[in-house]
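The values are calculated or read from the model by the stated rules, or taken from the named source; none is laboratory data. Here the structure is a predicted model, which means the values were calculated and not measured. Glycine also receives a Cβ, built like all others from the backbone with ideal geometry; neighbour counts cover every protein chain displayed.
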Amino acid sequence: MNEQDRLAVLKTWKLFIKGGFPRSESGRTLPLNDSKGALVAHLSHASRKDLREAIESARAAFLGWSGNTAYLRSQIIYRLAEMLEGRRLDLTDAIRCTSGVSRKKAEAEVIAAIDRTVSWAGWCDKFPMVLGSRNPVAGPYHNFSMPEASGVCVVVQGVAEQHSLLGFLSLVLPPLCTGNTVVAIANTEHPLGALLISETAPTADIPAGALNVITGDAAELAGWVASHRDVDSIHAIANDKIASQLRAGAAENLKRVQILPVDEDFTDTDRWTNPRRLAPFVEIKTVWHPSAV
Amino acid sequence: MRKVLGRGKYDEFMADALAGNSSPTTWEYSPAPETVPVVIPDQTQLYVGGKFVEPRSKKWFATINPATEVTLSQIADGDASDVDAAVSAARKALKPWEKLPASERAKYLYRIARRIQERARELAILESMDGGKPIKESRDVDIPLAAQHFFHHAGWCDKLRYAMPGTREPRPVGVCGQIIPWNFPLLMAAWKLAPALACGNTVVLKPAETTSLTAMRLAEILQECELPPGVVNIVTGAGATGKALVDHAGVDKIAFTGSTEVGKQIAKACAARGTRLTLELGGKSANIIFADAAIDQAIEGIVQGIWFNQGHVCCAGSRLFVEESILPEVTRKLEMRMKTLRVGDPLDKNTDIGAINSKQQLTIIERYIAAGSNEGCTVWQPSEQALPAKGYWCRPTFMTGVQPAHIVAREEIFGPVLAVMSFRTPEEAISRANNSPYGLAAGIWTEKGSKMFDVARRLQAGVVWCNTYNQFDATSPFGGFKESGFGREGGMQGLAAYLSE
């Protein structure tokens, strides 16, 4: 049968929670159109309960993921890069499908995204050396400061204007590499790159719950993220309205918030592989012990 | 039940030990008051644009000595227009201060550090008079550390690019609004000012309402050191003054130390504009004593943890978790040690526990002690020593029979009141220590290194003191996890709050 005669299998992309792929408990779906406006798939339209379950799953996975050796976390993220390398064509198509960019441009983004994953894999066992210190206090004490994962991070890619795949990984990897567990709300209009990553994650041995990916109405979900009490940090692309909503909600339990503009340029490798990107997702812990008897 | 301690066998034991004989002896202290006179003006001004100016509000309020209830001075009550003038002065000073060669900026900070050292005696006395803290603490802790903060940060001025990995030319944030608490008045001013200035920012500082005197003395020092006008502006006042500073559109960054409740209000106020913010807030820090600890050292650590500065310490070790097998021994030794603490005149060099900072704070503390008693805790307080007739006093207190759900185990008391609880396994100690919205500090007492590092790793706290407690240093970052705030003060990591990429 010819391609044009064949009825395509219209996929409904599911949520990625606790290592599994449930539909939204609400039963809601959203249509996904390609750049020309044709229906190409359906997305699960996550409800507040789905978001809560994703956050619970991230919380449950936190001690395990952050308690792993940095070497193991590094290998798992590198494994993700290996898996993505094998899916370059799928990822290129995913980018082109909804954005309509040229094949050349999409391929360049995929390559940059995979290379970024490799770069962050390498940071796992190095950021404590760069951000930590041994402090020469004025007394007989051994004193050192080390960065630690702050807990559950919610990534809101929501309304980002460009680079849906590179942007998604750039937002997710800094918290993940440092040992945070992540709930990511994919780009509403260009979610396919993020969803392909969610389908790749289990085969890269990312433990269940360490990374969760949901799709839905970003503005609606952002409001629920802001007021959720068991979220430690937020890494969001947001317009002014969503940004102030996130910050105001975050004030309730003092979530750490990093907001980026909707036109953030993720192709700036220097900026997006910089250890300074880790600041919102780590807490500096300082330990003292007497060093004289 | 309120247990009032009488003269028991432990007193006799202590007295015997001290006297070196078998017959009970009393050991009296003679008064040893600090005698250096300090001149306090009847009325203070605001420090704006390098000048001492009258508040535009034309209002003043009294600051008292909490140990005598005598009015020390009238403090200028800055209003929104005063804050506005201060922010304008800071804005005007920003460019030239930022453009000054870093090595020159450093020299101003070194000068300030030196003058604080040289005027340490005067500052210590003033701090104890205005705030109620024992002179031995203001003399040996507050003022020397304040000087160290300026000295340490002075050296950072020309080395900032080494402090922030991945940043070639770090730049200041701009005009910083800094609001500080009353528990360590000059020290908190130093913690805030030194890194801000080192990074090239200009500042409007709002001291706490009850403790403005040393901040205004610091303004004199800044003037003496010829710090360019407007680089630091000090606007005294109460909550409304602080709010005016937080709400001012010309402020690029807010740094606040104080209660979690106010911190959240400030976070909300900063949300709309996205003003940069660091918060150092409340705590209910856990001090965990394992059975394999050096018990006598641990007892000293508990004392230092909860009764230092009348317990007016955000990182006070106010929840004591004792391994069950040693609970009787720890309680007994703590009771014995508590009775040796001397409550009274903050200016007496022998005083261990000074005056509670304000009548309002004393009422809060007393309410918590009553709440603990009502919830069925046993309240231990030495009752023999007479308290001065005037002033605000609270005896050192600990409570046993405390359950995790009790108010005294959950809420920050900010007074000399310790909640004692027991645990059976390290797992239980860690999960109960972490079961709090706060995460400022923690203490661990054990002689077993592997256990210590394991517990230190798993505690959610910004500072973990192992076999010690309440140690501070300019090179050591301080700040909390969770609802104890975000950002660090001190050390290399503390600079990030005052730099932009």
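Would you mind listing the strands (runs of 3 or more DSSP E) fully within the range B:39-157 where at least 2 residues are surrounded by fewer than 17 Cβ atoms within 10 Å (Cβ to Cβ) and of a type outside the set (Asp, Glu)?
Working: elements: B:46-48, B:51-53, B:60-64, B:71-76.
Of the strands (runs of 3 or more DSSP E) lying wholly inside the range B:39-157, those with at least 2 residues that are surrounded by fewer than 17 Cβ atoms within 10 Å (Cβ to Cβ) and of a type outside the set (Asp, Glu) span B:51-53, B:60-64, B:71-76.
Which condition number in (1) touching a Phe, Trp or Tyr at 6+ places or on another chain (Cβ under 6 Å); (2) farther than 23 Å from residue B:429 by Cα is the one that residue B:339 fails?
Condition (1) is where residue B:339 drops out.
Which residue pairs have Cβ atoms under 8 Å apart, sit 6 or more places apart or on different chains, and have a first residue in the range B:402-415 that is at positive phi and in the same structural domain as residue B:377 (by TED's automatic domain parsing) and a second that is in a helix (DSSP H, G or I) and surrounded by fewer than 19 Cβ atoms within 10 Å (Cβ to Cβ)?
Pairs that qualify, where the first residue is at positive phi and in the same structural domain as residue B:377 (by TED's automatic domain parsing) and the partner is in a helix (DSSP H, G or I) and surrounded by fewer than 19 Cβ atoms within 10 Å (Cβ to Cβ), are B:414/B:364.
Just to confirm my filter: which helices (runs of 4 or more DSSP H) fall fully inside the range A:97-191 and include at least 3 residues that are within 14 Å of chain B (Cβ to nearest Cβ)?
Values: elements: A:103-123, A:127-131, A:164-177.
Here the list reads A:103-123, A:127-131.
Look through the range A:255-289, keep the residues that are at the interface with chain B (Cβ under 8 Å from one of its Cβ atoms), assigned to a strand (DSSP E or B) and touching a Pro at 6+ places or on another chain (Cβ under 6 Å), and return whichever of them is surrounded by the fewest Cβ atoms within 10 Å (Cβ to Cβ).
Filtering first and then ranking leaves A:256.
Which residue, of B:220, B:224, is out of contact with any helix residue (DSSP H, G or I) (no Cβ under 7 Å at 6 or more places or on another chain), more than 14 Å from residue B:486 (Cα to Cα) and either acidic (Asp, Glu) or free of Cβ contacts under 8 Å to residues at least 60 places away in the same chain (or both)?
Values: B:224 fails: out of contact with any helix residue (DSSP H, G or I) (no Cβ under 7 Å at 6 or more places or on another chain).
Checking each option against the conditions leaves just B:220.
Can you go through B:187, B:160 and tell me which one is surrounded by fewer than 22 Cβ atoms within 10 Å (Cβ to Cβ) and either within 19 Å of residue B:308 (Cβ to Cβ) or assigned by TED's automatic domain parsing to the domain that holds residue B:80 (or both)? Spell out how you get there, then give the answer.
On the way: B:187 fails: surrounded by fewer than 22 Cβ atoms within 10 Å (Cβ to Cβ).
Just a single option satisfies the conditions, and that option is B:160.
Can you tell me which residue among B:485, B:439 is in contact (Cβ under 8 Å) with a residue 12 or more places away in the chain and facing chain A (nearest Cβ under 7 Å)?
Answer to the selection: B:485.
Count, please, the residues in the range B:157-176 that happen to be within 11 Å of another protein chain (Cβ to nearest Cβ) and touching a residue at least 12 places away in the same chain (Cβ under 8 Å). Break it down stepwise before answering.
Filtering the range B:157-176 for residues within 11 Å of another protein chain (Cβ to nearest Cβ) gives B:163-168, B:170.
Then drop every residue that is not touching a residue at least 12 places away in the same chain (Cβ under 8 Å), which leaves B:163-164, B:167, B:170.
Residues flagged as within 11 Å of another protein chain (Cβ to nearest Cβ) and touching a residue at least 12 places away in the same chain (Cβ under 8 Å) within the range B:157-176 amount to 4.
Within the range B:456-479, track down each residue that is of a type in the set (Gly, Ala, Ser) and either touching a Lys or Arg at 6+ places or on another chain (Cβ under 9 Å) or without any contact (Cβ under 8 Å) to a residue 12 or more places away in the chain (or both). Break it down into steps so the answer makes sense when it comes.
If we filter the range B:456-479 for residues that are of a type in the set (Gly, Ala, Ser), which is where we start, we get B:456, B:461-462, B:474, B:476, B:479.
Correct list: B:456, B:461, B:462, B:479.
Starting from the range B:330-351, keep only residues that are among the aliphatic types (A, V, I, L, M), then list their pairs with residues that are surrounded by 22 or more Cβ atoms within 10 Å (Cβ to Cβ) and assigned to a helix (DSSP H, G or I) whose Cβ atoms are within a distance under 6 Å, requiring at least 6 positions of separation or different chains.
Final answer for the pair search is B:347/B:128; B:347/B:135.
Consider residue A:213 carefully, then state whether it is closer than 30 Å to residue B:470 by Cβ, surrounded by 19 or more Cβ atoms within 10 Å (Cβ to Cβ), at pLDDT 95 or above and more than 9 Å from every other protein chain (Cβ to nearest Cβ).
Spelling it out, it is not the case that residue A:213 is closer than 30 Å to residue B:470 by Cβ, surrounded by 19 or more Cβ atoms within 10 Å (Cβ to Cβ), at pLDDT 95 or above and more than 9 Å from every other protein chain (Cβ to nearest Cβ).
Considering only the range A:230-254, state which residues are in contact with a Lys or Arg (Cβ under 9 Å, 6 or more places away or on another chain) and assigned to a loop (DSSP other than H, G, I, E, B).
A:230, A:231, A:232, A:251, A:252, A:253, A:254
Per-residue answers, yes or no, for (1) over 23 Å from residue B:68 (Cβ atoms); (2) modelled with pLDDT of 95 or more; (3) in the same structural domain as residue B:443 (by TED's automatic domain parsing); (4) out of contact with any helix residue (DSSP H, G or I) (no Cβ under 7 Å at 6 or more places or on another chain):
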residue	(1), (2), (3), (4)
B:325	yes, yes, yes, yes
B:328	yes, yes, yes, yes
B:335	yes, yes, yes, no
B:343	no, yes, yes, yes
B:347	no, yes, yes, no
B:355	no, yes, yes, yes
B:365	no, yes, yes, yes
B:369	yes, yes, yes, yes
